[in-house]
Structure formats: C-alpha cells, structure tokens
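In what follows, a single structure is set out as structure tokens and then discussed.
The values are calculated or read from the model by the stated rules, or taken from the named source; none is laboratory data. Keep in mind that what you see is a predicted model, and the values were worked out from it rather than measured. Cβ sites come from the backbone with ideal geometry, for glycine too, and all protein chains shown count toward neighbours. All accessible areas refer to the heavy atoms of the entire protein, side chains included, with ligands and DNA or RNA removed. Shrake-Rupley method; radii C 1.70, N 1.55, O 1.52, S 1.80 Å.
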Amino acid sequence: MQGDLNSRLTSSEISVIWSSCQNNSFSICILQYFIANVDDEDILSVLEFALDISQKNLDMSKEILKKDHRQIPVGFTNEDVSPTAPRLYSDAFYLYYLKNMAKIGLSVYGVALATAAQPDVRNFLSQAIQTSTELYNKTANVLLSKGLFVKPPYVSTSDEIDFIDKKSYLGGVLNINNRPLNVIEITHIEANIEANTVGEILLAGLSQVAKSKKVREYCLRGSAIAKKHILVFASLLTNDNLPAPMPWDLEVTESIISPFSDKFIMFHTTMLIQSGISNYATASAASLRNDISTSYVRLTTENAQYAKDGINLMIKHEWMEQPPQIPNHKGLAKE
C-alpha cells in the first residue's frame, strides 16, 4: 500500500501535467497554422522545432496521466485549427510570439518543478525547461540575425556601491519628484511592453476572424487594453529620457477567414491574461518606487476584470474544460 501511495501523483503534479496536455495541444494547433503560412526558411526552422517540442511534451504528459489512471483533457484537436486558412500575421510576428511562448514555458515549468515529487514528473519538467531554453535561444538568434531583437535600453550607472538610507527612495504614488528608475524596474517595464505589444497584435488579428460577434468584441477590447498598458509603461521610460523599445514589423493582414475555432481564440486570450497578471505581480514586487507598483496593481485589476468577463463568456458557450476536481464530500454526506 505504501508503495502505491508513493507512486501516485500529488495534486500539484496532476495540475501541471493536466495543464501541459491542454497547453501543448493548443500550441500544436497554432504552430501548424504558422508553419503553413511562413516564407522565411530560418523562421520556419524555429517553428518546426517548437512544434516538435509541443508534440513530445503532449505525448509525455498523456503517458504520465495514463500511468496514474487519470482522465486526459480534451484540449484542442484538428477541429480547432485550419492550417489552410489565409495568412493573418507577418513572419516577424511569429518570432516575437515564439520568444514570448518560450518565456512562459520557462516560468511555468520552472515553478512546477519546485513542487514536484515523482521522478517521472520531475524528469518531464526538467526536460521541458531544457527544450524551452533551446527554443528561446534559437528564436533569439534568429531575431538577432535579422535585426529584430528588441533590446532593453542602454543606461549609465554609478561605479560606487551604495545602500538605500532614505524613505524618499520609494517616492510617492504620484509621479512627482520621484527618483530615476533603477535597472530592475526598467527590465520589468521593457518586458511588459514587449509582451503587451505581442498581445495587442495577436488580438487585433483574432478580432477580424472570430465567428461570434461577442468574441470579436472581446478580442478588440483586449487589444485596446494592451495598447493602453503599453502607453503607461512607455511613459515611465520616457519620463526618465529613456527610449521605449517596441517590436516592429508586426503586421496583421486583411484576412477575415478564421484559422481557429472561437473556443480556441478564447482559450488563447485567457492564457495571455493569466501570463500578464503573473508578470505584473512579479514586476510589482520587484519595483521599489511606489508609483510604479501602484500602476501595476491598477492595471492588474483591469486585467482581472477582463479575465472574469472572458471566463463567463466561455462558460456560457461551454468552452471551458473543468480541471480535475476533488470529491464533494459535504454534498455526498447530504445524499
């Protein structure tokens, strides 16, 4: 009995493997579409590498769930994607999308590894971290070779070591006589500008092709929110006479033929919001200026409301797959 107990998946392990099935089945669909609509051979190579990673991760996740006699989520299938649909995005967009995808993978798998006990789960997560790292490096190399890599601003810093000795370092909520940004704050601001730029372009394209009017409106709203957040972050840099680096050559075509199901589009949007909220929480905790951390809290509240409205829309259309649930012991006791 003890041996069986030791081999069972814990709740956190079920969570990450179940989510991995969903997320990788999703990635396979969108990568198949990108691959069918790309011209640049270098970018095609990276897309194919990403597709191979997603397929292997999906297969390994299913095997772990089967071994523990757990249900495998439906996730996404060929019914959710039409690779033959006309191109919606530029080749450059694919690179920025892959860079963001690799960063999310590194974060999610890294956090999950620290909660895993089973050797097969830890092996899977360790391998997923390694392949996400490879994907990031391959994508970064292609971005650099094509002059598309968006680098954070170069800055001058003091050669002296110093310690914070005044509360004024934290500044006020209003941007009045606040100290200049430090490099940690700049790093998070630039990263959130890039992530929101990818989200803005992605949702702008999806708003053109979604079949449901409600989904189109939801994507348009998300694109507008991302644009607004970009302006907030950019102003923090420009107020200190720093450039606000932006990805470029991110085009959306005039196609109105959807490559994806509306269920797929809403899942993708929800995933973006979850990543954004996580990024903002990390950035807020790392930012010592009060006006910056307050901005992150305010923008997070807006994202959370947007996410809630999206979940309600998904529930209404029965597009949201329920995660594994523990038994309702109180309910059973009443029967």
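Some notes on this structure:
- When residues of region 256-304 are limited to those that are modelled with pLDDT of 95 or more and of a type in the set (Asp, Glu), the one nearest to ASN196 (Cα to Cα): GLU302
- In region 84-107, the residues that are of a type in the set (S, T, N, Q), open to solvent by 50 Å² or more (accessible area, probe 1.4 Å) and not in a helix (DSSP H, G or I): THR84
- Screening the candidates ASP120, ASP80 for the property of being touching a Cys at 6+ places or on another chain (Cβ under 6 Å), more than 30 Å from PHE233 (Cβ to Cβ) and at pLDDT 95 or above yields one hit, ASP80.
- Note on region 293-329: residues that are within 18 Å of the chain's Cα centre (by Cα) and either surrounded by 18 or more Cβ atoms within 10 Å (Cβ to Cβ) or farther than 19 Å from PRO73 by Cβ (or both) total 12.
- Test: residue in region 283-300 that is within 30 Å of GLN32 (Cβ to Cβ) and out of contact with any Leu (no Cβ under 6 Å at 6 or more places or on another chain): no
- Criterion: touching a residue at least 40 places away in the same chain (Cβ under 8 Å) and among the hydrophobic types (A, V, I, L, M, F, W, C) - qualifying residue of LEU231, LEU202, LEU220: LEU202
- Subset of region 133-177 [assigned to a loop (DSSP other than H, G, I, E, B), exposed (fewer than 14 other Cβ atoms within 10 Å of the Cβ) and at pLDDT 90 or above]: GLY147
- Selection within region 31-42 - in contact with a helix residue (DSSP H, G or I) (Cβ under 8 Å, 6 or more places away or on another chain) and either over 22 Å from ALA140 (Cβ atoms) or surrounded by fewer than 23 Cβ atoms within 10 Å (Cβ to Cβ) (or both): GLN32, ILE35, VAL38, ASP39, ASP40, ASP42
- Residue that is surrounded by 21 or more Cβ atoms within 10 Å (Cβ to Cβ) and touching a helix residue (DSSP H, G or I) at 6+ places or on another chain (Cβ under 9 Å), where the choices are VAL74, VAL81: VAL81
- Candidate set: region 248-285, residues that are of a type in the set (Phe, Trp, Tyr) and not in a helix (DSSP H, G or I); chosen: the one least open to solvent (accessible area, probe 1.4 Å): PHE260
- Looking only at residues in region 198-245 that are open to solvent by less than 10 Å² (accessible area, probe 1.4 Å) and either in contact with a Pro (Cβ under 8 Å, 6 or more places away or on another chain) or outside any helix (DSSP H, G or I) (or both), the one that is nearest to ASN312 (Cα to Cα) is ALA210.
- Unmet requirement for PRO180, which otherwise passes all of (1) open to solvent by 80 Å² or more (accessible area, probe 1.4 Å); (2) of a type outside the set (Ser, Thr, Tyr); (3) not in a loop (DSSP other than H, G, I, E, B): (3)
- All of MET101, MET60 fail the test of being under 27 Å from PRO323 (Cβ atoms), modelled with pLDDT under 95 and aliphatic (A, V, I, L, M), apart from MET101.
- Some residue of region 33-53 being modelled with pLDDT of 95 or more, in contact with a strand residue (DSSP E or B) (Cβ under 6 Å, 6 or more places away or on another chain), within 24 Å of ILE256 (Cβ to Cβ) and in a helix (DSSP H, G or I): yes
- Search result, residues across region 183-197 that are over 15 Å from the mean Cα position of the chain (by Cα), crowded, with 21+ Cβ neighbours inside 10 Å and either under 19 Å from THR269 (Cα atoms) or among the β-branched types (Val, Ile, Thr) (or both): ILE189
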